[in-house]
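Have a look at the structure below before the remarks.
The values are calculated or read from the model by the stated rules, or taken from the named source; none is laboratory data. A quick note: this is a predicted structure, and the numbers were derived from the prediction, not measured. Cβ sites come from the backbone with ideal geometry, for glycine too, and all protein chains shown count toward neighbours.
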Number of protein chains: 2
Amino acid sequence: MIGLMITGRPSPQREASGAIVELPAQLAGDALIDGQSPPADSYLIDWSRDRRGRARFIVRPGSVEDVQALVRWCSQSSVAIVVQGGNTGLVGGALPDNSDYAVLSLERLNRIRCVDPLDFTLQADAGAVLQDVKDAAEASDMTFPLALGAQGSCTIGGNVATNAGGINVLRYGMTRDLVLGLETVLLDGTLWNGMNGLRKDNRGYSLKQLMIGSEGTLGVVTGVEVRLSPRPTQVETAYVGLGSFRQTCELFRMARHLCSDLLSAFEVIGEECLPLAHLIDPNLRSPLTQACPVHAIVELACGPGIDAGGLLETMLTRALEAELIRDGVVAQSRSQAATFWAIREGLVEGQARRGFHVRTDLSVRLSEVPKLVEQARACIVREWPGWTSLTYGHAGDGNIHFNVLPPIDCEIGEARTVGQAVLTRLYELVGALGGSFSAEHGVGRSRSDVFWAGLSQRERQIHTAIKAAFDPAGLFNPGCLMPDRGDL
Amino acid sequence: MIGLMITGRPSPQREASGAIVELPAQLAGDALIDGQSPPADSYLIDWSRDRRGRARFIVRPGSVEDVQALVRWCSQSSVAIVVQGGNTGLVGGALPDNSDYAVLSLERLNRIRCVDPLDFTLQADAGAVLQDVKDAAEASDMTFPLALGAQGSCTIGGNVATNAGGINVLRYGMTRDLVLGLETVLLDGTLWNGMNGLRKDNRGYSLKQLMIGSEGTLGVVTGVEVRLSPRPTQVETAYVGLGSFRQTCELFRMARHLCSDLLSAFEVIGEECLPLAHLIDPNLRSPLTQACPVHAIVELACGPGIDAGGLLETMLTRALEAELIRDGVVAQSRSQAATFWAIREGLVEGQARRGFHVRTDLSVRLSEVPKLVEQARACIVREWPGWTSLTYGHAGDGNIHFNVLPPIDCEIGEARTVGQAVLTRLYELVGALGGSFSAEHGVGRSRSDVFWAGLSQRERQIHTAIKAAFDPAGLFNPGCLMPDRGDL
């Protein structure tokens, strides 16, 4: 009990009847879902279906003012808030694990506010779905280049909270690089409005950059202004086969030099991943005419006045001559290009279809990718025979999803236990290479222990002090990113 | 005396004879310059020659270990530290105004540590001169695209401290977007090493992003790892004349759409600036055949396999047809392009030659540039007849250096007094447009009052708490960016 009092979170407002009381009127009714009712499930089970959360209630405000009212109420009532966008995160950052907490779902705060073709900007509510943001940009002859598997469900606010990455980072950067401004509700319910659309603004510490990637622990982002780019009118896609990950490094280097800054994607897929795509659709077959240990999808995008097809052909011809690639196919149409990408997406879905698997999101220097893959594969073969390594990811960013499947007949309990050991080993390995265990997915709840354990005492102090600067009561997403204050 | 004790900075270590004592041995001798000796002048007068600083001593460590020893000593002795790179800042951020403070010059910590062509990265000591960083990248067939007038003197550490901008921001971003990692000495003398070369790393709050642009108030950056881009093999430059700043907005939009992401510079120069370039060299003349109110330099850069010249010609032809430009010249050689850029650089030097002038660094939304310029010009004409408005800057970033020259016969004291009123008025104006008074130069000492006054109470608390998280004793660059603690 003392611990509970210290954390400053008394039991929340529920009458003996079980009804939630005292919430401002506009947050009751349709906006409110009891955490123990069946409709709560879709908010408390995430995309991966790995984890089930708990919450006292879910509230779905329909305006920024209502978010402010809720935060004010939670602040006064010492109720912790876990903000949720599309609930597509993979590290439990938006899933509370405490039935005293409130889930603040931004699903009703989902408007595109405006698109400006002179400024190349777009403003949206934080709950706007990424695909809707992309469509709105497209409709004005521009592009919002953030592209990831979950784009039909994830929200722009969630992208900001996690500093989302995806397949076009090598050209356009992470979410961090695409955000011009944020509108944020602070702990006292006041609105911090940085939606000024400025491309350059060197006034003081960058609170915007601090907020991006803070995983809902510093405030509630309610609005986002992003920079747009001109819509590419040409997209050229190649699917190539290589002998090794060392060759993908060399090919990337060559492609960067030959294709100016028009290279927009450089994805790699280990040949062993292909059977997973077949689980989703048996027609998803590599277009290569021979077996190759590593496949890569290389894409160029640009506007008019450039022979993008010729540029890609030149690059592939040189790569063949230099014996960097063994085989390659250039898509003759957008639909053929879509079949290449379907393999990349299919393997991720196929993996989920297989059920539990060890999922990582490792990054190292570009040049260290081959070493990471070699060491990780050798480690699995040596220490966990029967488990299957899968290597794919964003080689142009040094970001590899090195995942591991248990044997098909492995009992789930055993798979989880062994899986934890596998994960620990892979994190050690990436750490020894100076890399990161979280390239783009964030820390969330599932990695907060390993994150915190890896920090120096000074880094912990700094993180704790920054958290306290925004959220002295510890009410924003406790237990995410850093340990709950009760556990410190 | 009580105030002095509260700030925790007792009178520093100087014997009755005037010698500085107690510094670790490796920091004495050649490394040390007495703040009252003549050699101190070059550290205490900045590029603009507007401001003279004061310091007890200047110390020039030759290694990271020596920086750590110095910081540890200063921390133990409660001596404030002002870090200085090339001393080219324009806002007094590296110029202490207190004769108890130490200047930590990084001029001897100036090595390029390594360049990696597979990773597209470069590591350098923080005191490395920007031009040396650029040359080292170039020598390995890559480019470090940060480009600004002071690049022959400013240092990469100073660029990080101020989040420097310059002429290529529209394509490559600010310093913030180019830094992969930092090596930083914290207040206790420990080294925080984030030089991991990772392109994606979502572990916790971004201390790197917080450090960038913090103007030496959080720690001492001793090493920087930057991302490089392929070296452009083609650079095409046009000098064009337009009728108004509204047309520059339209031209920029057209150029962005037509030139993919190959547009690397889009600078504007008000016609009234030309006579300043003549002060430097009477041969610096506009290449246009007719008078035009606004001149612009537009540059494309790319690798092989693209008809960059054709792309630029197409863009200019369409702009002529759309009557966006009145006249234009495409450089036929690198040396002709250099004459275009000499006008842009000459006007800045000519301005300095004129002596005191009101210097701003304003930014607004791209689409608000015309309104900013119109309002500012009208205001000067109306309120300070005889003073001359100068408009130039980075229109592709919404960043305008709107400067104002006093009448030629204006006495310096009066010029400074009136100049302060002009500045205040211009800051009000940019504020009303939702813009920033510091696009790229930073806050420093000369703008700390206006910066602090413009923050909300919550923003001040957050800034103060972040500062305290890194520097509880207030020893890193007191008085820069935020008021000295004694003044809060």
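So here's what we get for this one:
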quantity: For A:GLY157: the one exception among (1) out of contact with any Leu (no Cβ under 8 Å at 6 or more places or on another chain); (2) in contact (Cβ under 8 Å) with a residue 60 or more places away in the chain; (3) not in a strand (DSSP E or B); calculated: (1)
quantity: Candidate set from segment A:321-333 (those that are over 14 Å from A:ARG253 (Cα atoms) and surrounded by 14 or more Cβ atoms within 10 Å (Cβ to Cβ)); member that is farthest from the other protein chains (Cβ to nearest Cβ); calculated: A:ASP327
quantity: Failed criterion for A:GLY158 (all others in (1) out of contact with any Lys or Arg (no Cβ under 8 Å at 6 or more places or on another chain); (2) small (Gly, Ala, Ser); (3) within 12 Å of chain B (Cβ to nearest Cβ) hold); calculated: (3)
quantity: Cβ pairs under 9 Å, 6+ apart, first in segment A:419-440 and closer than 26 Å to A:ALA161 by Cα, second aromatic (Phe, Trp, Tyr) and in a helix (DSSP H, G or I); calculated: A:PHE437/A:TYR427; A:PHE437/A:PHE451; A:SER438/A:PHE451
quantity: Residue count for segment A:98-118, restricted to those that are away from every other protein chain (no Cβ under 14 Å) and more than 13 Å from A:ILE156 (Cβ to Cβ); calculated: 9
quantity: Exclusive hit being more than 10 Å from chain B (Cβ to nearest Cβ), touching a Lys or Arg at 6+ places or on another chain (Cβ under 7 Å) and among the hydrophobic types (A, V, I, L, M, F, W, C), set A:LEU130, A:LEU182, A:LEU148; calculated: A:LEU182
quantity: Residues within segment B:426-456 that are over 14 Å from B:ARG359 (Cβ atoms) and more than 14 Å from every other protein chain (Cβ to nearest Cβ), tallied; calculated: 2
quantity: Filter result for A:LEU186 (in contact with a helix residue (DSSP H, G or I) (Cβ under 7 Å, 6 or more places away or on another chain) and more than 20 Å from B:ARG365 (Cβ to Cβ)); calculated: yes
quantity: Segment B:244-289, residues that are out of contact with any Leu (no Cβ under 9 Å at 6 or more places or on another chain) and either closer than 30 Å to B:ARG231 by Cα or at pLDDT 95 or above (or both); calculated: B:SER244, B:ARG246, B:HIS257, B:GLU267, B:GLU271, B:PRO287, B:LEU288, B:THR289
quantity: Number of positions in segment B:294-307 that are within 9 Å of chain A (Cβ to nearest Cβ) and on the phi < 0 side of the Ramachandran plot; calculated: 6
quantity: Output for segment B:174-194, where each listed residue is in contact with a Leu (Cβ under 9 Å, 6 or more places away or on another chain) and closer than 26 Å to A:ASN168 by Cβ; calculated: B:MET174, B:THR175, B:LEU178, B:LEU180, B:GLY181, B:LEU182, B:GLY194
quantity: Residues satisfying the stated conditions in segment B:168-206, i.e. in contact with a Ser or Thr (Cβ under 7 Å, 6 or more places away or on another chain) and free of Cβ contacts under 8 Å to residues at least 12 places away in the same chain; calculated: B:LYS200, B:ASP201, B:ASN202, B:ARG203, B:TYR205
quantity: Check on B:THR391, hydroxyl-bearing (Ser, Thr, Tyr), closer than 24 Å to A:ASN196 by Cα and in contact (Cβ under 8 Å) with a residue 60 or more places away in the chain; calculated: yes
quantity: Those residues of segment A:268-288 which are surrounded by fewer than 20 Cβ atoms within 10 Å (Cβ to Cβ) and closer than 23 Å to A:GLY398 by Cα, in sequence order; calculated: A:GLU271, A:GLU272, A:LEU274
quantity: Residues satisfying the stated conditions in segment B:289-315, i.e. more than 30 Å from the chain's Cα centre (by Cα), surrounded by fewer than 20 Cβ atoms within 10 Å (Cβ to Cβ) and not small (Gly, Ala, Ser); calculated: B:THR289, B:GLN290, B:PRO304, B:ASP307, B:GLU313, B:THR314
quantity: In segment B:228-264, the residues that are among the hydroxyl-bearing types (Ser, Thr, Tyr) and either surrounded by fewer than 20 Cβ atoms within 10 Å (Cβ to Cβ) or more than 11 Å from B:GLY396 (Cα to Cα) (or both); calculated: B:SER229, B:THR233, B:THR237, B:TYR239, B:SER244, B:SER260
quantity: Qualifying residue in segment A:33-41 (condition: farther than 22 Å from A:LEU187 by Cα, over 26 Å from the mean Cα position of the chain (by Cα), crowded, with 20+ Cβ neighbours inside 10 Å and β-branched (Val, Ile, Thr)); calculated: yes
quantity: Any hit, segment B:400-408, residues being of a type outside the set (A, V, I, L, M, F, W, C), more than 11 Å from every other protein chain (Cβ to nearest Cβ), without any contact (Cβ under 8 Å) to a residue 24 or more places away in the chain and more than 28 Å from B:ASN87 (Cα to Cα); calculated: yes
quantity: Any pair with Cβ under 7 angstrom, 6 or more apart, that starts in segment A:360-380 at a residue that is under 11 Å from A:ARG246 (Cα atoms) and assigned by TED's automatic domain parsing to the domain that holds A:THR424 and ends at one that is of a type in the set (Asp, Glu) and not in a helix (DSSP H, G or I); calculated: A:LEU366/B:ASP119; A:SER367/B:ASP116; A:SER367/B:ASP119
quantity: Number of positions in segment B:161-179 that are facing another protein chain (nearest Cβ under 10 Å), in a helix (DSSP H, G or I) and of a type in the set (A, V, I, L, M, F, W, C); calculated: 2
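Let's see how each residue does on (1) outside the structural domain of A:LEU218 (by TED's automatic domain parsing); (2) in contact with a strand residue (DSSP E or B) (Cβ under 6 Å, 6 or more places away or on another chain); (3) not in a strand (DSSP E or B):
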site	(1), (2), (3)
A:VAL67	yes, yes, yes
A:VAL71	yes, yes, yes
A:VAL91	yes, no, yes
A:GLY127	no, yes, yes
A:GLY149	no, no, yes
A:GLY152	no, no, yes
